[in-house]
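Peer 1: Take this structure, written in structure tokens, and hold onto it; I'll ask about it next.
The values are calculated or read from the model by the stated rules, or taken from the named source; none is laboratory data. Small disclaimer: the values here were computed from a predicted structure and weren't measured. So basically every Cβ, Gly included, is an ideal-geometry build from the backbone, and we count neighbours across all protein chains shown. Just the protein is used for accessible areas: all its heavy atoms, side chains included, with ligands, DNA and RNA removed. Shrake-Rupley method; radii C 1.70, N 1.55, O 1.52, S 1.80 Å.
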Amino acid sequence: MVALMALAGLVCGDRIRALAASYSGEPALARPWPALELVSAAVAALAGWRAGPPYVCFAVIAVALAVIDWRTSTLPDAITLPAYPIMAVALLPTGELPRALAGGAALTAVYALLWLARPEAMGLGDVKIAGLIGMATAALSWQALVVAAFCGQLLGALYALCLLATGRATRHTEFPFGTFMLLGTLPTLCLGW
């Protein structure tokens, strides 16, 4: 089963590469062929193994959005919005769909308040993916939702501090925060909380 989930991630990795290239306006991504595909396969297999097969869907979506956000500072609605019903269908067999939807709504509300307080510090795309993160993690547990939200904030803060410490950024420098939100979710799924 894990090998099948890894194969699904490998195949999706190729599609992620094409999507990222199309959003960045480049003919192809600069990294060697297998890097993105192998990362996608590893994340899909690990999330599926530790959290269960319904989470392979989120893992692949998370890799796609993280790569696109990192390269373009954009979280496209063309991927984010259809991911909601896809995630709902994937999580239906878990029996935790009501909690997943409540978690998605709760984390969206938190990020919407952050966005309203300082719209220059966070994009609306970050608010939209917060709902996906909330759905995926709340289906596991409320604790998983809190840990994932905290890990995303922590990773983003550490990256910002590194940029500041090395003089490559100022307090007003923008960076793709959605990538860190998504990366913060993966350890939670991989630990199977």
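Peer 1: Which pairs do you get when a residue that is part of a helix (DSSP H, G or I), found in segment 135-147, comes within reach of a residue that is among the acidic types (D, E), reach meaning Cβ atoms under 9 angstrom, with the pair 6+ apart or on two chains?
Peer 2: Short answer, once both residue conditions are applied: A138/E96.
Peer 1: Name the single residue, out of those in segment 40-66 being surrounded by fewer than 20 Cβ atoms within 10 Å (Cβ to Cβ) and not hydrophobic (A, V, I, L, M, F, W, C), that is nearest to C190 (Cα to Cα).
Peer 2: Of everything passing the filter in segment 40-66, R50 is nearest to C190 (Cα to Cα).
Peer 1: Looking only at residues that are among the hydroxyl-bearing types (S, T, Y) and crowded, with 18+ Cβ neighbours inside 10 Å in segment 100-143, which one is nearest to L182 (Cα to Cα)?
Peer 2: Of everything passing the filter in segment 100-143, T137 is nearest to L182 (Cα to Cα).
Peer 1: Looking at segment 86-99, is at least one residue open to solvent by less than 20 Å² (accessible area, probe 1.4 Å) and of a type in the set (S, T, N, Q)?
Peer 2: Looking through segment 86-99, none of the residues is open to solvent by less than 20 Å² (accessible area, probe 1.4 Å) and of a type in the set (S, T, N, Q).
Peer 1: If you don't mind, another one. Specify which of the listed residues (L36, L75) is aliphatic (A, V, I, L, M) and in a loop (DSSP other than H, G, I, E, B).
Peer 2: Testing whether each residue is aliphatic (A, V, I, L, M) and in a loop (DSSP other than H, G, I, E, B) leaves just L75.
Peer 1: Pick out the one residue from D77, D69 that is at pLDDT 90 or above, within 18 Å of T179 (Cβ to Cβ), surrounded by 15 or more Cβ atoms within 10 Å (Cβ to Cβ) and under 16 Å from the mean Cα position of the chain (by Cα).
Peer 2: D69
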